Every structure is written in C-alpha cells, then in structure tokens.
Amino acid sequence: MTQKGRIAVLLSGRGSNFEALYRSTLQPGANFEIVLVISDNKDARGLERARQLGVPAYYVSPRKLKPKTAYEQAVTDLLHEHRTELVCLAGYMRIVGDTLLQAFNKRIINIHPSLLPAFPGLNAQQQALDYGVKISGCTVHFVDPGVDTGPIILQQAVNVHADDNEESLSLRILAQEHQLFSQAVTLFFENRLKINGRQVII
C-alpha cells in the first residue's frame, strides 16, 4: 500500500476549506491525509471541527509568543512533530515569515479567492465587485514572503453576476476553492509540480 502524503492545515476561522480537504481524504485513491490542524485563533470554528473529526488540533497564541519568530518556531515544532510534508493555508490570516518559509521551503501552499495577481490580500471578493470585473475566481499558489505573490499552481474562473454582492460571489468562489485546493495537494504528492521561476509546470 502506497504511503499517503502528510499535510497540516493552518486556519483562522470556520475551516470550510479544511473540511473540503478532509472529505477529499476519504475518497478512494486519495494520496494524502491531514495529520494536524493549527490555528492562531482559539475560537476558530475550524479547530473545533477538526477535533470532532479526530484530527489533532492546536491553538498557538501569537500574543503570548513574541516576537513573531517565537510564534512561528512553536508552529514549526508542531509541524515537525507530526512529520508534516506539506503545509496548507486555509483562511490563515497571518503573513508567513522567514521561520516557517525556511523550514518548509516550497512546501507551503495557500488558497485565495481571486484570480491572482488581481485583488490580493483581504476582502478580495469585495475588491473584485468594487472594480467591476466580469470574471473572478480562486487561486492556489506556493507561499513566498509577499502577500499572495507566490508562483501560481491552479486557478478557476467564476463569473461575476450583475446582482452579486460580497456574500453571493464569495459562496460561488468558495465552491470552486473546495475542489481546487484538493486538486493542487494531489498534484503535489504526485510530484507533478515543478517550480521554474514564477511558473509552476504541471
């Protein structure tokens, strides 16, 4: 039996992308498993959901662990303890620093609700509506020191409707995020993602 890839999920909120990844692990032929969930928010719904599903889940306090390097070292220690191979940011509301980036070089990926490089950072869906674009979507990318600036792995377009608001557009994008993230993780553990400068060759 082929050994499954070991992923950890970092989240700050409800954890819907974590749950989508978890559901993917239950599918026949899934090539990865979730071995750890970490949150910087003790009240994150995703933490409780992980515990309900039997996934080891930890709150690491960025307020108690200062400077940022101390916080990230505590996170890194947990990741190593659980023999993590790939780190997935799923609504993780912190900029990843050098400590984590160096420990998991080219092994951290993020899901973002826009077609990057358009609308990075917070409130991407509202940014898209404010700009008046006709097509938005979601992006999975490798994480680098910038904000949503790393090499792009996969993207999925979503039409913007004339009567959309932030909630309605977010829901349609989220449905695509749930599929796209697991596709990217699967490709990673199939060793099909090759980074060449800004390009990810599949």
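Every number in this text was worked out from the coordinates using simple rules, so none of it is lab data. For clarity, every value in this text was computed on a predicted model and none was experimentally measured. Glycine also receives a Cβ, built like all others from the backbone with ideal geometry; neighbour counts cover every protein chain displayed.
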If one computes the Cα centroid of the stretch 37-68 and of the stretch 74-139, what distance in Å separates the two points? 17 Å
For the Cα atoms of the chain, what angle does the longest principal axis make with the long axis of helix 16-25, in degrees from 0 to 90, nearest 10? 70 degrees
Can you give the extra length, in nm with one decimal, that the chain gains between residue 52 and residue 4 once fully stretched, where that is 0.36 nm per residue apart less the Cα-Cα distance? 15.1 nm
Please say if the chain is rounded, prolate or oblate, where rounded means a/c under 1.5 for a ≥ b ≥ c the square roots of the C-alpha gyration tensor eigenvalues, and otherwise the choice is prolate for a/b larger than b/c and oblate otherwise? rounded
Between residue 106 and residue 202, what is the label-to-label distance in nm when each label sits 7 Å out along the Cα-to-Cβ direction? 1.8 nm
For residue 25 and residue 80 in the same chain, what is the full-extension length gain: residue separation times 0.36 nm, less their Cα-Cα distance, in nm? 17.7 nm
Counting DSSP beta bridges in the chain, what percent are antiparallel, to the nearest 5? 45 percent
With a cut-off of 8 Å between alpha carbons and a minimum separation of six or more residues, what is the relative contact order of the stretch 79-202 in percent? 22 percent
Please compute the modelled spin-label separation between residue 190 and residue 165, points set 7 Å along Cα→Cβ, answer in nm with one decimal. 4.0 nm
Dividing the helical contributions, -39500 (n - 2.57) per DSSP H run of n ≥ 4, by the residues of the chain yields a 222 nm value, nearest 500 deg cm²/dmol, of -10500 deg cm²/dmol
In nm, to one decimal, how far is the residue 98 label point from the residue 147 one, both placed 7 Å along Cα→Cβ? 2.1 nm
Helix 166-189 axis, angle to the chain major axis (alpha carbon atoms, nearest 10°): 50 degrees
For residue 126 and residue 69 in the same chain, what is the full-extension length gain: residue separation times 0.36 nm, less their Cα-Cα distance, in nm? 17.3 nm
Pairing the Cα long axis of helix 68-81 with the longest principal axis of the chain, what angle in degrees results, from 0 to 90 and rounded to the nearest 10? 70 degrees
